[in-house]
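K.L.:
Below: one structure in structure tokens.
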Amino acid sequence: MDILELTLKSDNLAETKLFYNTILGFEIAEENETQISFRIGKSKLVFESTDKKYKYHFAFNIPNNKLNEAVTWVSERTKLIPINDTEFIVDFTDWNAKAIYFLDNNKNIVEFISREELHNPSDLPFSGNSILNINEIGLVSDHPITTVFELIKTTNIGFFAKGPKRDDFAAAGDENGLFVISNPKRCWYPTQELAETCKVKAKVKIAGNSHVLEFN
């Protein structure tokens, strides 16, 4: 699955612009009084204005040889979320991937993930232009497995081959793009923040077919 465009909510577009454009250096694609969007590799990240506070979890895919450089790059711009007293990198051995995390201005949990099986190394120094695409979006459902089966009916997506497939957490898609679905009783790793129901709109391509999906 490819996540072409992801539309989320923000209660402060000015601060969102400052964080993603000025601090992280992402190119602004469009901007008006009610929304702002950023070009991030092959994807577009859109924030729409709202009066309500939403907290999301989403991930960006980076070259699989650039995570250590990404640690330095992010640390120069904002605070990484520590995994323990000395470590910032999480090794997901079951997924053959490693990741780092930080918060944006909206307190969204943002992840940079490198996936070995995508075989996408880069020879260039790490920068905002190194980010390849939006790789994951977290969704919240009382019944994650049921939600995946509903997605299968409408889009022909499948469960992520590496799992998980549990009553409280499930994933759909592949290494290129994932829906990670939690029930509201779980916290988004690596924080103690409970997964919250949030409005999400995603334009995705699955098996060559494009879909526009809206959640919550």
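K.L.:
Taking N as the number of residues in segment 86-148, what is its alpha-carbon radius of gyration divided by 2.2 N^0.38 Å? Mind showing how you got there, number by number?
P.N.:
Numbers: Rg = 14.3 Å, N = 63, 2.2 N^0.38 = 10.6 Å.
Ratio of Rg to 2.2 N^0.38 Å for segment 86-148: 1.35.
K.L.:
Now a separate question. Quick check on the chain: helices-only [θ] at 222 nm, where DSSP H runs of length 4 and up contribute -39,500 (n - 2.57) each and the sum goes over total residues. Nearest 500, please.
P.N.:
Working: 3 runs with 26 residues, N = 216.
It lands at -3500 deg cm²/dmol.
K.L.:
Quick one: which of 26-32, 58-64, 195-201 comes out on top by average Cβ neighbours within 10 Å, and what's the full order, highest first?
P.N.:
Packing proxy ranking, top to bottom: 58-64, 195-201, 26-32.
K.L.:
Another question, then. Based on DSSP, what percent of beta bridges with both residues in the chain are antiparallel, to the nearest 5? If you can, show how the numbers build up before the last one.
P.N.:
Working: 47 of 64 bridges.
For the chain, the DSSP antiparallel bridge percentage is about 75.
K.L.:
May I pose another question? Once the chain is represented by equal point scatterers at the alpha-carbon sites, with solvent omitted, what log10 I(q)/I(0) does the Debye formula produce at q = 0.16 Å⁻¹?
P.N.:
So the normalised log intensities work out to -1.14.
K.L.:
Too long at a 26 Å Cα-Cα cut-off: which of K98/K162; K44/K165; K42/K162; K42/K185?
P.N.:
Going by Cα-Cα distance, K44/K165; K42/K185 fall outside the 26 Å limit.
K.L.:
Please work out the Kirkwood hydrodynamic radius for segment 39-108, using every pair of different C-alpha atoms, and report it in angstroms with one decimal place.
P.N.:
Averaging 1/r across every pair of different Cα atoms and inverting gives 14.0 Å.
K.L.:
Under the rule of at least 5 residues apart or a separate chain, name every residue whose amide H is placed under 5 Å from the amide H of F88.
P.N.:
Sorted by chain and number, the residues that satisfy this are I83.
K.L.:
Over the Cα atoms of segment 1-63, each weighted equally, I'd like the Debye log10 I(q)/I(0) at q = 0.14 Å⁻¹, rounded to two decimals.
P.N.:
Here the Debye-derived log intensity ratios amount to -0.38.
K.L.:
A follow-up question, please. Using only the alpha-carbon atoms of segment 91-206, report the extent along each of the three principal axes, biggest first, to the nearest angstrom.
P.N.:
42, 31, 28
K.L.:
Exposure proxy check: F179, F149 ranked by fewest other beta carbons within 10 Å?
P.N.:
F149, F179
We did not get these values from a lab; they are worked out from the coordinates using the rules stated. What you see is a predicted model; the values in this text were computed from it and never measured. For neighbour counting, all protein chains shown are included, and Cβ atoms are generated from backbone atoms with ideal geometry for every residue, glycine included.
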